[in-house]
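Here the structure comes first, spelled out in structure tokens, and everything after it is commentary.
The values are calculated or read from the model by the stated rules, or taken from the named source; none is laboratory data. As the structure is a computational prediction, the values presented were derived from the model and not from experiment. With ideal geometry, Cβ positions are generated from the backbone for all residues, glycine too; neighbour counts draw on all protein chains shown.
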Amino acid sequence: MFDPNKYRKDFPMLRNGIKMQGHPLVWLDNASTTFKTDSVISTISDYYSFYTSNSHRGDYDLCFKVDSEIEKTRDVVASFIGAKAQEIVFTSGTTNSLNLVAFGYASKYLKKGDEILLTEAEHASNVLPWYKVREMTGASVNFIPLTKEGRLTVENVKKSITANTKIVSIAQVTNVLGYIVPIKEIAALCHRNNIILVVDGAQSVPHLPVDVQDLDCDFLAFSGHKLCGPTGIGVLYGKYSLLQKMDPFMTGGGMNAKFDMCGDASFLEPPMRFEAGTQNIEGILGLKAAVEYVSKIGMSNIETYETELRKYAVDRILKTGNATIYNPDAEAGIITFNIKDVFAQDAATFLNSKGIACRSGQHCAKILMDFLGTVATVRASFYFYTTKEDVDALVDAIAHGKEFLDAYF
Amino acid sequence: MPTFEISPQMMREIIMDHYQNPRHKGKPAMPEKYQVMHASSTNCIDDFDVYLLSVDGLVKDAMFDGVACTISTASTDILCDRLIGLDFEKAKYLIEQYMAMIAEKPFDEEVLDEALAFRNTGKQAARIHCATMAWSTMEEMIEKEEKK
């Protein structure tokens with residue numbers, strides 16, 4: 001039996017008696033960020049307290065240590081997602097990773113008449129970089145239709161693919177609806193049609209086992225801060241042959257092999273080619289501690305627990321009769337809902353007044369019209385340290401939703 | 001002269017009344033006669049247009065239209081209520097007093113009337129912006145009119 005309390009003691013934000021509006025903090029905004037473990041915090045602090053130095057070609061011991069810790073992180077991240085170390089590029093986060101693929105790969109190889117396929121449930125960071133590619137290359141951006149519930153099916157991908165499709169870029173778990181997308185089948189379908197598959201793993205990698213060899217995706221982007229790691233650090237996984245074909249998004253120190261003032265420059269091989277400038281060293285080291293922490297718990301244990309907790313929450317919320325849930329059958333620990341007759345933003349403020357952190361949001365207009373039938377929703381999102389008591393606090397607040405103006409009195 | 005005491009229950013009722021039955025929400029029949037300005041924020045969902053019709057330094061009509069939360073809808077509707085009929089000097093004074101109240105500074109209760117219902121907005125810091133968005137937009141529009 002999975003016990004979240006076993007882990008809560010490792011998180012200062014969960015054991016320090018933090019209060020919000022006079023109530024014990026109930027953190028249900030894990031899809032936006034997660035809390036950090038002692039090990040992550042002390043790893044960062046140790047770097048600054050005991051071995052601060054820059055990475056790359058240091059001739060002294062401290063720098064050698066930093067370099068080897070960075071490469072150890074690459075190994076740890078690689079084995080976490082079933083990749084090779086040379087296929088792991090450190091970025092500032094998912095957004096940076098997706099932009100790197102868009103600018104470094106797509107803008108180089110796509111041309112007028114080519115097509116990029118996305119879905120209408122994508123996060124802005126998996127839409128806007130492709131709009132830039134469209135602007136730069138003349139390629140078109142089209143959307144794969146979702147089912148009535150907002151699910152992406154292999155069938156719909158198959159129907160959308162044309163002879164011009166060159167890239168499919170989709171989230172493995174969408175940030176609003178929380179469905180798990182059948183990436184493996186979609187990858188096989190894409191490859192039969194010579195299409196590159198880019199996967200936004202921001203909401204999947206922290207919550208379920210992801211093995212890039214098994215999935216056979218071409219690129220995978222994710223962030224450290226959504227898996228207990230620091231902010232400002234993320235990963236782009238790419239098949240090595242693709243990374244080799246890809247241009248750097250930024251040039252400068254740390255990524256060139258040599259250059260001269262006549263304008264000649266040669267770049268290092270991946271992944272270093274994509275890591276120009278002084279890296280987010282504390283972030284990289286913190287990411288290692290985070291990945292080690294969640295790996296020790298076990299990603300399938302995390303997934304199983306979150307699915308169970310989600311069922312418990314959906315049942316209890318629906319029992320109040322005071323809320324609409326827009327994704328009752330989704331798999332991931334993301335529940336998108338509205339309290340009856342309360343505007344999403346007012347509901348989120350009311351939850352704040354009870355110490356509960358949830359996020360209200362207005363989503364892509366098309367998704368709203370087609371699937372949600374509302375202009376805005378509230379999102380509660382879980383992690384392995386979320387307890388039934390956290391869910392109970394949410395349920396209790398929802399049951400009292402009509403008192404939402406009490407937040408001010 | 002003491003103003004009447006406004007109880008939390010009355011404040012709730014004022015806010016809910018203007019949220020559920022806003023008097024000034026919608027597009028004006030002749031929008032070309034109005035000055036219009038967009039009010040939105042990256043911190044919240046609120047996203048609406050504010051309309052101002054003025055003649056010779058006098059507010060003839062004020063309206064708003066779009067998506068807004070309870071605090072933002074009700075505070076904007078009450079703003080429109082209070083503004084109509086005021087000259088620009090009085091209008092700016094009203095807005096100034098309201099802003100002072102929200103910022104929890106001394107203010108002139110007399111002019112605010114129903115807008116006093118928002119005096120606790122500071123309790124929910126994230127909603128301060130919602131309670132003031134239309135007010136600062138309207139102030140900007142009045143200043144623009146004055147420069148014409």
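Structure summary
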{"item": "Residue that is in the same structural domain as residue A:290 (by TED's automatic domain parsing) and either without any contact (Cβ under 8 Å) to a residue 24 or more places away in the chain or of a type in the set (Gly, Ala, Ser) (or both), where the choices are A:177, A:197, A:152, A:128", "result": "A:128"}
{"item": "Cβ pairs under 6 Å, 6+ apart, first in region B:1-15 and assigned to a loop (DSSP other than H, G, I, E, B), second surrounded by 14 or more Cβ atoms within 10 Å (Cβ to Cβ) and modelled with pLDDT under 95", "result": "B:3/B:109"}
{"item": "Matching option when the condition is touching a Phe, Trp or Tyr at 6+ places or on another chain (Cβ under 9 Å), more than 14 Å from chain A (Cβ to nearest Cβ), over 20 Å from residue B:16 (Cβ atoms) and at pLDDT 95 or above, among B:86, B:79", "result": "B:86"}
{"item": "Scope region B:46-96; condition in a helix (DSSP H, G or I) and surrounded by fewer than 19 Cβ atoms within 10 Å (Cβ to Cβ); matching residues", "result": "B:81, B:88, B:89, B:90, B:92, B:93, B:96"}
{"item": "Residue ID - surrounded by the fewest Cβ atoms within 10 Å (Cβ to Cβ), chosen from residues in region A:368-390 that are closer than 16 Å to residue A:303 by Cα and among the hydroxyl-bearing types (Ser, Thr, Tyr)", "result": "A:387"}
{"item": "Every residue from region B:16-45 that is without any contact (Cβ under 8 Å) to a residue 60 or more places away in the chain, in a helix (DSSP H, G or I) and within 14 Å of chain A (Cβ to nearest Cβ)", "result": "B:16, B:17, B:19, B:20"}
{"item": "Single residue of B:96, B:109 found to be within 27 Å of residue B:10 (Cα to Cα) and touching a Ser or Thr at 6+ places or on another chain (Cβ under 6 Å)", "result": "B:109"}
{"item": "Selection count where residues are out of contact with any Cys (no Cβ under 7 Å at 6 or more places or on another chain) and either free of Cβ contacts under 8 Å to residues at least 40 places away in the same chain or acidic (Asp, Glu) (or both), scope region A:43-54", "result": "6"}
{"item": "Region A:219-235, residues that are over 11 Å from the mean Cα position of the chain (by Cα) and buried (at least 24 other Cβ atoms within 10 Å of the Cβ)", "result": "A:219, A:228, A:229, A:233"}
